[in-house]
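Notes to accompany the following structure.
The values are calculated or read from the model by the stated rules, or taken from the named source; none is laboratory data. Computed from a predicted model, the values in this text were never measured in an experiment. Don't worry about glycine lacking a Cβ; one is built from the backbone with ideal geometry, like all the others, and counts go over all protein chains shown. These accessible areas exclude ligands, DNA and RNA; they are computed on the full protein's heavy atoms, side chains included. Shrake-Rupley method; radii C 1.70, N 1.55, O 1.52, S 1.80 Å.
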Amino acid sequence: FGTGAAGGGGGTALLPDDAFMRLQNEYRQTAQALLREKDYQKAAFVYLKLLKDFSAAAETLEKGHYYAEAASVYLKYCKNREKAAACYEKGNLVSQAIELYIELNQEEKVGDLYCLIDKREVAMTYYEKVAQNHIRCQQYVKAALLYKNKMAALSKAQEGLLQGWRSGKDAFNCLGFFLSNIEDQAQRYHALETIIKEDVHERNSSAFIQILKQEYAKGDELAIRAKEMAYELVVAQVALNPSIITELAAFNKEDRQLHKDLVRFKVQQKKR
């Protein structure tokens, strides 16, 4: 499939407007007929050379799975490196795709493609750049997902999630993901014990209680300890944050009297 300059284009420019439009319509009808016949290369030729509809030419080639040719048109005529890179990727032209994705600064995609061709060590360098950028932007969950799912580096994922919890940036989701990565119940219990002793304070106590609610709702052996932790935290924080006492309702759903007392407490707080 050729991608050179259109031939005969200068002659059509001398036609009257209505004749030019008729000719253009004929070309377009021809292209559409060729598409119905699934003759994608000829249809793309009409779009490119006769109609100068470069996007339609590239899309037609892509639809026909002529990915290298489509990428060439996207690059030369549409100046669209992203679509060209995607075509190279679809066509399993990995080296060309990598080159463009590097230019586009899509480093995670570069890592994915290096993994595809079994160059894992090179892929890890690109993944690490992406993960570190997420951390600099305080997007700790994104960094953790990359470490865990693509780099098999769970310890780094956990370190980043704890950093997010301690910094107060998306604290609830960071701690939630951190705990979800701990399958062993005893280890998860130990992690909660450590965090409540060392990393829970007035600013993040409400978020920690939300985490305890989730653990309590699981109904496993850790549920009892989650309830006890919630009470300990409420007792420790109630002087500074009286409204925190209302969080106890989630741990006592069957206690109607407690619910009534908490409702009265909330009303009294609003009146103050």
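Restricting the first residue to region 189-210 and requiring it to be more than 14 Å from Ala226 (Cβ to Cβ), which pairs with a second residue that is open to solvent by less than 30 Å² (accessible area, probe 1.4 Å) and among the polar types (S, T, N, Q) meet a Cβ separation below 7 Å and a spacing of at least six or different chains?
Qualifying pairs under 7 Å: Glu202/Gln237; Ser205/Gln237.
Of all residues in region 35-48, which are in a helix (DSSP H, G or I) and open to solvent by 30 Å² or more (accessible area, probe 1.4 Å)?
Leu35, Arg36, Tyr40, Gln41, Lys42, Phe45
Of all residues in region 69-82, how many are in a helix (DSSP H, G or I), touching a residue at least 40 places away in the same chain (Cβ under 8 Å) and surrounded by fewer than 21 Cβ atoms within 10 Å (Cβ to Cβ)?
Total meeting the criteria: 2.
Taking the options Lys148, Lys156, Lys142, Lys169, name whichever one is open to solvent by 50 Å² or more (accessible area, probe 1.4 Å), on the phi < 0 side of the Ramachandran plot and at pLDDT below 95.
Just one listed residue meets the conditions, Lys169.
Asn92 fails exactly one of the following numbered conditions: (1) out of contact with any Gly (no Cβ under 9 Å at 6 or more places or on another chain); (2) in a helix (DSSP H, G or I); (3) open to solvent by 20 Å² or more (accessible area, probe 1.4 Å); (4) not aromatic (Phe, Trp, Tyr). What is the number of that condition?
Of the numbered conditions (1) out of contact with any Gly (no Cβ under 9 Å at 6 or more places or on another chain); (2) in a helix (DSSP H, G or I); (3) open to solvent by 20 Å² or more (accessible area, probe 1.4 Å); (4) not aromatic (Phe, Trp, Tyr), the odd one out for Asn92 is (2).
Taking Asp220 as meeting all but one of (1) open to solvent by 70 Å² or more (accessible area, probe 1.4 Å); (2) under 30 Å from Ala152 (Cβ atoms); (3) more than 31 Å from the chain's Cα centre (by Cα), write down the number of the exception.
For Asp220, the failing item is (1).
Across region 49-68, which residue is farthest from Glu99 (Cα to Cα) among those that are open to solvent by 50 Å² or more (accessible area, probe 1.4 Å) and not basic (Lys, Arg)?
Leu50
Just for region 95-108: of the residues that are without any contact (Cβ under 8 Å) to a residue 12 or more places away in the chain and in a helix (DSSP H, G or I), which one is nearest to Met124 (Cα to Cα)?
Going through the qualifying residues, I end up with Ile102.
Could you tell me whether any residue of region 241-249 is modelled with pLDDT of 95 or more, closer than 29 Å to Tyr140 by Cα, surrounded by 13 or more Cβ atoms within 10 Å (Cβ to Cβ) and not β-branched (Val, Ile, Thr)?
no
Please go through region 49-62 and pick out each residue that is touching a residue at least 24 places away in the same chain (Cβ under 8 Å) and in a helix (DSSP H, G or I).
Correct list: Lys49, Leu50, Phe54, Ala56, Ala58, Thr60, Leu61, Glu62.
Looking at Glu82, Glu26, Glu59, Glu37, can you tell me which residue is under 30 Å from Asp118 (Cα atoms) and among the charged types (D, E, K, R)?
Just one listed residue meets the conditions, Glu82.
When you go through (1) more than 30 Å from Gly164 (Cβ to Cβ); (2) open to solvent by 20 Å² or more (accessible area, probe 1.4 Å); (3) not hydroxyl-bearing (Ser, Thr, Tyr) one by one for Cys115, which number turns out not to apply?
(1)
Of the conditions (1) open to solvent by 40 Å² or more (accessible area, probe 1.4 Å); (2) more than 27 Å from Tyr27 (Cβ to Cβ), Ala85 fails just one. Which one is it?
(1)
Filter region 22-34 down to the residues that are open to solvent by less than 60 Å² (accessible area, probe 1.4 Å) and either hydroxyl-bearing (Ser, Thr, Tyr) or at pLDDT 95 or above (or both) and list them by number.
Selection gives Tyr27, Ala31, Ala33, Leu34.
Among the numbered conditions (1) over 21 Å from Asp112 (Cβ atoms); (2) without any contact (Cβ under 8 Å) to a residue 12 or more places away in the chain; (3) buried (at least 19 other Cβ atoms within 10 Å of the Cβ); (4) aliphatic (A, V, I, L, M), tell me where Ala19 comes up short.
(3)
Return the total of residues in region 98-137 being touching a Lys or Arg at 6+ places or on another chain (Cβ under 8 Å) and closer than 21 Å to Ala68 by Cα.
Here the count works out to 6.
Residue by residue through region 143-170, note down the ones that are more than 25 Å from His201 (Cα to Cα) and of a type in the set (Lys, Arg).
Lys148, Lys150, listed by residue number.
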